[in-house]
Amino acid sequence: MEYILVTEQHEPFVALVQLNRPKDLNALNLQLMQELSEALHQLDKNERVRAIIITGNEQAFAAGADIKQMADRSAVDMLRIDQFSTWDQIRKTKKPLIAAVSGFALGGGCELAMTCDMIIASETAKFGQPEIKIGVMPGAGGTQRLTKAIGKAKAMELVLTGRFLSAEEAMGYGLVNKVVPVEMYLREAVQLGREIAQMAPIAAQLAKEAVNRSFETHLDEGLHFERKNFYLAFASEDQKEGMKAFIEKRKADYKGR
Ligand code: CO8
């Protein structure tokens, strides 16, 4: 892997994936996205991993798709390259994904953070969809996820003006889970990952799937889906262990089975 660094066991059961093109503010070129997708696919299959953190560096989570790589492409080139198949793959990650964001999370960078399940931001984080300033528009889910996260009026403003949201504003709009000083954002994300990693992995996976379903369907179908996953949790050994541990007043020992 050239553009990402993977630390499988940053903490017990928590993996860390760092975007690593610092000179270009972690601009998301095709290779980086391919590597990220592959890494997440592997971590998703790895039984020693229960939560995954995606991060950049203090200056940038990612400043968007690689403009230099895209600038001369035609619509047909873009269609043939089909870069969004890697994004679709990332979206299929079953384990909880936490974005640890500092500095710029713009365009595809903001979209990648929003593809994650939760966002921990440093005070310096800046979120935005500035594609309009370079003659295009969001293409990796920004118009949909940002609107669902912060509401139509504000999303429309960001998408049509390219303005950035500060971490504080993003917190106010419910885009991020927590804002912390820059020296703490990664630690905070890992701590959140560690807390989730202590839960029953199958239940976490089923719950993530059900919460995400609420964005894709109407209430009736969503409730039906939730109920099925709830029943499915009873097929796991961890459900027996979790409930037994509660009754026996001890800590549950989850095996992910
Ligand atoms: N693509 C390529 N290179 C970039 C990008 C980018 N998105 N962003 C920054 N860089 C490069 C700069 O070109 C520069 O390189 P060099 O030193 O070789 O000239 C280096 O990173 C540092 O950048 P700046 O000198 O510009 O740093 P500043 O601190 O002055 O400015 C900004 C920082 C404000 C973040 C500025 O770099 C900027 O505006 N970047 C572009 C932001 C943007 O428009 N993002 C949206 C891109 S389009 C997009 O994301 C579409 C998403 C849908 C498809 C998703 C598929 C992956």
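The values are calculated or read from the model by the stated rules, or taken from the named source; none is laboratory data. Remember, it's a predicted structure, so these values are computed and weren't measured experimentally. Counting neighbours? That spans all protein chains shown, and the Cβs are built from the backbone with ideal geometry, glycine included.
Some notes on this structure:
- Among the candidates Ala207, Ala189, the residue that is among the hydrophobic types (A, V, I, L, M, F, W, C), crowded, with 17+ Cβ neighbours inside 10 Å and not assigned by TED's automatic domain parsing to the domain that holds Thr93 is uniquely Ala207.
- Residue ID - surrounded by the fewest Cβ atoms within 10 Å (Cβ to Cβ), chosen from residues in segment 100-115 that are touching a residue at least 60 places away in the same chain (Cβ under 8 Å) and aliphatic (A, V, I, L, M): Met114
- For segment 117-159, a tally of residues being surrounded by fewer than 18 Cβ atoms within 10 Å (Cβ to Cβ), acidic (Asp, Glu) and over 16 Å from Gly107 (Cα atoms) returns 1.
- Pairing each residue of segment 204-216 that is within 11 Å of Lys94 (Cα to Cα) and among the charged types (D, E, K, R) with any residue that is at pLDDT below 95 and not in a helix (DSSP H, G or I), provided the two are 6+ apart or on different chains, yields no C-beta distance under 8 Å.
- Any chance Leu97 is buried (at least 23 other Cβ atoms within 10 Å of the Cβ), away from the ligand (no atom under 15 Å from the Cβ) and in the same structural domain as Leu186 (by TED's automatic domain parsing): yes
- Selection within segment 117-144 - assigned to a strand (DSSP E or B) and within 9 Å of the ligand (Cβ to nearest atom): Lys126, Gly128
- Given (1) under 22 Å from the mean Cα position of the chain (by Cα); (2) more than 30 Å from Phe61 (Cβ to Cβ), index of the condition Met243 fails: (1)
- If you check Ala200, Ala245, Ala210, Ala204 for being at negative phi and touching a Ser or Thr at 6+ places or on another chain (Cβ under 7 Å), only one passes: Ala200.
- For segment 45-91, a residue qualifies if it is more than 9 Å from the ligand (Cβ to nearest atom), in contact (Cβ under 8 Å) with a residue 40 or more places away in the chain, surrounded by 11 or more Cβ atoms within 10 Å (Cβ to Cβ) and in a loop (DSSP other than H, G, I, E, B), and the qualifying residues are Arg48, Val49, Arg50, Gly56, Asn57, Glu58.
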